[in-house]
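A short worksheet on the structure shown next.
The values are calculated or read from the model by the stated rules, or taken from the named source; none is laboratory data. The shown structure was predicted, so the numbers you read here are calculated from the model rather than taken from an experiment. Note that we place each Cβ from the backbone using ideal geometry, even for glycine, and neighbour counts take in every protein chain shown.
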Amino acid sequence: MPRSLLRSFIAASLLLSASVAQAAEVKVEVLQSKLDHPWSLAFLPNNQGLLITLRDGQLRRWQPGEGLGDPIVGVPKVWAQGQGGLLDVVLAPDFEKSRRVWLSFAEANSDGEAGTAVGYGTLSDNMQRLENFKVVFRQMPKLSTGNHFGGRMAFDNKGYLFIALGENNQRSTAQDLDKLQGKLVRLTQNGDVPPDNPFAGKQGARSEIWSYGHRNPQGLAFNPANGELWLNEHGPKGGDEINVAHPGKNYGWPLATWGINYSGLPIPEAKGEIVAGTEQPLYYWKISPAVSGMAFYHADTFPQWKGKLFIGALKEKNLIELTLSGDKVTKQTRLLDDHGERIRDVRVGPDGYLYVLTDESDGQLLKISPTS
């Protein structure tokens with residue numbers, strides 16, 4: 001049996017076998033409110049607080065006992081329309097030496113068409129300025145009118161930067177290797193292309209590409225159990241997915257999908273749920289929760305969470321707890337059902353607590369722990 005077909009049967013069996021538990025009780029502490037559509041957070045070392053991006057273009061520092069600081073100056077101008085704006089924030093692996101802060105954001109051209117851009121600046125010692133910001137990557141061509149930017153970033157243990165990019169709501173571009181829509185890309189810490197990227201030096205393909213056929217990735221995290229890079233992405237109406245990103249692989253969109261169009265009709269380009277030459281998701285939801293930020297729990301603080309995967313849900317307005325057995329999802333539990341807000345990001349803090357951002361005009365920073 002071809003590998004892609006075998007994985008499809010595995011994925012289908014995982015979907016059916018993963019039981020959905022009732023909402024679990026957790027302790028929720030509101031650390032900060034009045035955040036205008038926060039998108040991402042990153043923890044500063046040595047208990048210096050954390051950085052939070054707001055979609056309108058602000059980068060703010062939050063500290064326990066002191067709250068939210070003034071906007072950090074030196075942030076690039078962002079295109080804050082539709083789903084666009086200031087997106088992810090990630091510290092460089094050598095931050096304590098370099099003080100580099102990486103940002104992803106939406107950027108438009110003179111015609112009003114936008115794409116995802118990525119760059120870095122140096123955070124001043126007083127945490128008030130981002131100095132000498134340099135854009136090192138731009139999604140080309142610019143095709144978005146406000147949708148599907150992706151923007152999640154993650155560094156691996158060798159210092160390579162992965163950037164997940166949406167297809168700008170231009171479905172077919174996810175299959176075009178000469179475009180950066182619907183791709184996962186891999187760069188060095190200086191924004192260069194590693195020579196061992198799967199499409200490096202190949203005619204008609206962008207050398208930045210690591211994998212392709214993605215729709216709108218919203219979560220990106222390395223699995224500490226095996227070092228694999230997992231990403232989640234929005235399907236259309238149905239078909240939200242979790243994929244394991246392998247070099248050079250095609251993850252199907254829009255040729256293969258477990259969802260349909262918002263009109264209720266099939267996706268025009270789709271050839272079915274299972275299509276030869278494309279990878280099946282590790283897991284998918286037939287009814288989309290609208291997945292967002294994603295974090296593996298590997299701390300020792302709460303042993304009952306060890307090895308679990310947490311994913312925010314925008315449409316369902318809750319936090320999804322997934323129990324894993326290797327690459328198999330065996331159980332789903334919904335957290336924060338009572339909170340009733342869109343969950344944009346989730347991270348594991350240095351203290352082992354979960355930290356969550358809610359995507360609202362009066363968004364919140366939440367600190368979460370199990371009750372038992």
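Residue-wise test of (1) among the basic types (K, R); (2) modelled with pLDDT under 95; (3) more than 21 Å from Q63 (Cα to Cα).
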position	(1), (2), (3)
G307	no, no, yes
K317	yes, no, yes
L324	no, no, yes
R342	yes, no, yes
R347	yes, no, no
G363	no, no, no
I368	no, no, no
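Under 9 Å by Cβ, and 6 or more places apart or on different chains, what pairs join a residue from the stretch 58-70 that is closer than 14 Å to S33 by Cα with one that is assigned to a loop (DSSP other than H, G, I, E, B) and among the acidic types (D, E)? Taking only residues 6 or more apart or on different chains, the pairs are R60/D70; R61/D70. Only a single criterion out of (1) touching a residue at least 60 places away in the same chain (Cβ under 8 Å); (2) within 22 Å of K271 (Cα to Cα) is not satisfied by D176, namely (1). For residues that are farther than 14 Å from Q128 by Cβ and in a loop (DSSP other than H, G, I, E, B), scanning just the stretch 41-67, find the one that is farthest from the chain's Cα centre (by Cα). Across the stretch 41-67, the extreme among qualifying residues is G65.
Could you please find all residues in the stretch 359-372 being of a type outside the set (S, T, Y) and either under 17 Å from L54 (Cβ atoms) or assigned to a loop (DSSP other than H, G, I, E, B) (or both)? D359, E360, D362, G363, Q364, L365, L366, listed by residue number. Look at E273 and say whether it is over 22 Å from I343 (Cα atoms) and acidic (D, E). Criteria met by E273.
Looking at this structure, is G119 within 19 Å of D345 (Cα to Cα), touching a Lys or Arg at 6+ places or on another chain (Cβ under 6 Å), modelled with pLDDT of 95 or more and not acidic (D, E)? Here the answer is no, as G119 does not meet what is asked.
May I ask you to list the residues in the stretch 294-338 that are within 15 Å of A221 (Cα to Cα) and touching an Asp or Glu at 6+ places or on another chain (Cβ under 7 Å)? Result: K308, F310, G312. If the condition is being among the hydroxyl-bearing types (S, T, Y), over 30 Å from G69 (Cβ atoms) and free of Cβ contacts under 8 Å to residues at least 40 places away in the same chain, then the stretch 108-160 contributes S110, Y160. The condition of being closer than 28 Å to S211 by Cβ, of a type outside the set (V, I, T), surrounded by fewer than 21 Cβ atoms within 10 Å (Cβ to Cβ) and in contact with a helix residue (DSSP H, G or I) (Cβ under 7 Å, 6 or more places away or on another chain) holds for only one of K271, K315, K308, K328, that being K328. Just so you know, in the stretch 114-128 the residues that are buried (at least 16 other Cβ atoms within 10 Å of the Cβ) and either among the charged types (D, E, K, R) or under 22 Å from the mean Cα position of the chain (by Cα) (or both) include one that is farthest from L165 (Cα to Cα), and it is G121. Hey, among the residues in the stretch 222-268 that are of a type in the set (F, W, Y) and in a loop (DSSP other than H, G, I, E, B), which one's nearest to R171 (Cα to Cα)? So, considering only residues that are of a type in the set (F, W, Y) and in a loop (DSSP other than H, G, I, E, B), the one nearest to R171 (Cα to Cα) is W253. For P93, the conditions (1) at pLDDT 95 or above; (2) farther than 19 Å from I163 by Cβ; (3) surrounded by fewer than 18 Cβ atoms within 10 Å (Cβ to Cβ) are fulfilled apart from (2). Within the option set P93, P76, being over 30 Å from N169 (Cα atoms), in contact with a strand residue (DSSP E or B) (Cβ under 9 Å, 6 or more places away or on another chain), not charged (D, E, K, R) and not in a strand (DSSP E or B) holds for one residue only, P93. Counting only residues that are among the acidic types (D, E) and either outside any loop (DSSP other than H, G, I, E, B) or under 14 Å from Q32 (Cβ atoms) (or both), the stretch 335-358 holds 2 of them.
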